[in-house]
Amino acid sequence: MLWSEPKAIGLEKRDDDLVRGVDGVRHWEVNALGQLVGPMPGYPDVSPIPGNDMMLALDVNLQILADSLLSGYDAGTVAAVDIRTGEVLCFVTRPGYDANAFSGTLSSLEWNSLRDDPLKPLLNRAAKGLYPPGSTAKLLTAGAALEAGIVGTSDRFGGCGGGYRFGNRVFGCWKPSGHGSLDMFGGIEQSCDVYFYQLGLKVGVDTWSQSVKACGFGRATGIDLPGEVDGLVPSTAYYDRRFGAKKWSRGLMLNLAIGQGEFLVTPIQLLQYYAALANNGVAMKPHLLLATRAPQRSWENVTPEVAFKLPYSPSTLSILREAARLVVYGGHGTAGGIKDDSVRMAGKTGTAQNPHGNDHSWFVGYAPSESPRIAVVALVENAGHGSVVAAPICLQIARRYIVGPPVEKPKPGLAQTTP
């Protein structure tokens, strides 16, 4: 038994009308024996019309580097964008598959092997993978609180002793020994769960939900690929439908505040949000298509599109950007291990609980922090702490883009010549 998959996928499927062109026609006369006689009189040939060429924004060097950085892990994704235009510079998802297999006809055995693989090689994790964002979402909670006037940056709550009691349950912090008393900058820099439990309760589900949705979550980014998913941003209406009116606890907000619970995002959504933070609150629509060219014509660039603007004042933007800088350059930042003055990265680590296995490793950020050009996200499934796995991956992508490839040192014993 054979199974045939449509050959065009991704951009080729979305822009099929653009690149396909028009088939030509040639008429031939055939006799009763099926033998070719020659061109059919009175039926002139119709010449084919070639389709347009496409140029992608992808940087092949970043693609190769990202793929190699993910090669030691079972599953994950790395993506990067130019924050000013939304051009997708890097877009890698693992595990992958041999695209050449789809150029012909697949056997049912080959198709079933791909379809049933538990690692889901056919899943585009950047745009279709749904994950809890973990601590990368703490800036969303902080932004909602600041815009609602609920807290200031210097306000402190009860100190973190390693956990927070709500009702008859203790919600733990990632640091069992606790962080003590922190303000907002400290809470983000050290990623203190207890600080955000208390902040989340003050914000409340609906204020948080409205702000997060206004930041682009719960809807597709519009990246030029088919099948992008929306994600999920819970609200009071959502919980009422799921559990019944007044049959759920506001304690659910504790999990939402730290990027857990029912809150689900795609990596490309998270990337768009952090790119917008770096771009003075302007979120660009991510796009892989850079330019097109009609036959015998010059290249025409795709016009960058503004997707939306973050619901933040200049003051809130400044606070969140400083907090993201402290995550890397503060004295207690969770991403202090990726300090690199040639890159000057800012961002946020995340270690998202996963009911199906080990924690997922997140990092999302931008560089250079003072004059941002590139935003990068890495999500590595079942890999543990974001500071250990995902953050170094993002640093290397940003470094390659900003600094360039490393210069090879001369090998001992080889004669050196000057061109």
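Of all residues in the stretch 347-381, exactly one satisfies the criterion of being more than 19 Å from Ile258 (Cα to Cα) and among the acidic types (Asp, Glu), namely Glu370. Restricting to the stretch 320-336, and then to whatever is over 20 Å from the mean Cα position of the chain (by Cα), surrounded by 13 or more Cβ atoms within 10 Å (Cβ to Cβ) and among the small types (Gly, Ala, Ser), can you tell me which residue is farthest from Leu119 (Cα to Cα)? Ranking the candidates gives Gly330 first.
Here is a yes/no grid of residues against (1) charged (D, E, K, R); (2) assigned to a strand (DSSP E or B); (3) surrounded by fewer than 16 Cβ atoms within 10 Å (Cβ to Cβ):
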| position | (1), (2), (3) |
| --- | --- |
| Pro44 | no, no, yes |
| Gly51 | no, no, no |
| Met54 | no, yes, no |
| Leu58 | no, no, no |
| Leu62 | no, no, no |
| Gly72 | no, no, yes |
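Report yes if Ala66 is assigned to a helix (DSSP H, G or I), modelled with pLDDT of 75 or more and crowded, with 21+ Cβ neighbours inside 10 Å, otherwise no. Yes; evaluated as a whole, the condition is true for this residue. Per the conditions (1) in contact (Cβ under 8 Å) with a residue 24 or more places away in the chain; (2) more than 30 Å from Asp230 (Cα to Cα), the sole criterion not satisfied by Lys175 is (1). For first residues located in the stretch 285-302 and over 17 Å from Cys90 (Cβ atoms), partners that are of a type in the set (Lys, Arg) and surrounded by 13 or more Cβ atoms within 10 Å (Cβ to Cβ) and lie 6+ apart or on another chain with Cβ distances below 9 Å form the pairs Trp299/Arg293; Glu300/Arg293.
The set of residues in the stretch 363-390 being within 20 Å of His332 (Cα to Cα) and in contact with a Ser or Thr (Cβ under 6 Å, 6 or more places away or on another chain) consists of Phe363, Val364, Gly384, His385, Gly386, Ser387, Val389, Ala390.
Restrict the check to the stretch 11-26 and report whether at least one residue is surrounded by fewer than 16 Cβ atoms within 10 Å (Cβ to Cβ), part of a strand (DSSP E or B) and either modelled with pLDDT of 80 or more or among the acidic types (Asp, Glu) (or both). Looking for residues that are surrounded by fewer than 16 Cβ atoms within 10 Å (Cβ to Cβ), part of a strand (DSSP E or B) and either modelled with pLDDT of 80 or more or among the acidic types (Asp, Glu) (or both), one finds at least one in the stretch 11-26, hence yes.
Select the strands (runs of 3 or more DSSP E) contained entirely in the stretch 262-319, then report the ones holding at least 1 residues which are basic (Lys, Arg), over 17 Å from the mean Cα position of the chain (by Cα) and under 30 Å from Pro50 (Cβ atoms). Ranges flagged: 289-293. So for the stretch 77-93 (the condition being farther than 17 Å from Leu271 by Cα and either in contact with a Lys or Arg (Cβ under 9 Å, 6 or more places away or on another chain) or at pLDDT below 85 (or both)), does at least one residue qualify? Looking through the stretch 77-93, none of the residues is farther than 17 Å from Leu271 by Cα and either in contact with a Lys or Arg (Cβ under 9 Å, 6 or more places away or on another chain) or at pLDDT below 85 (or both).
Return a yes/no flag: does the stretch 171-179 have any residue that is within 23 Å of Ser315 (Cβ to Cβ) and crowded, with 17+ Cβ neighbours inside 10 Å. No.
The values are calculated or read from the model by the stated rules, or taken from the named source; none is laboratory data. These numbers were taken from a predicted model, which means no experiment stands behind them. For neighbour counting, all protein chains shown are included, and Cβ atoms are generated from backbone atoms with ideal geometry for every residue, glycine included.
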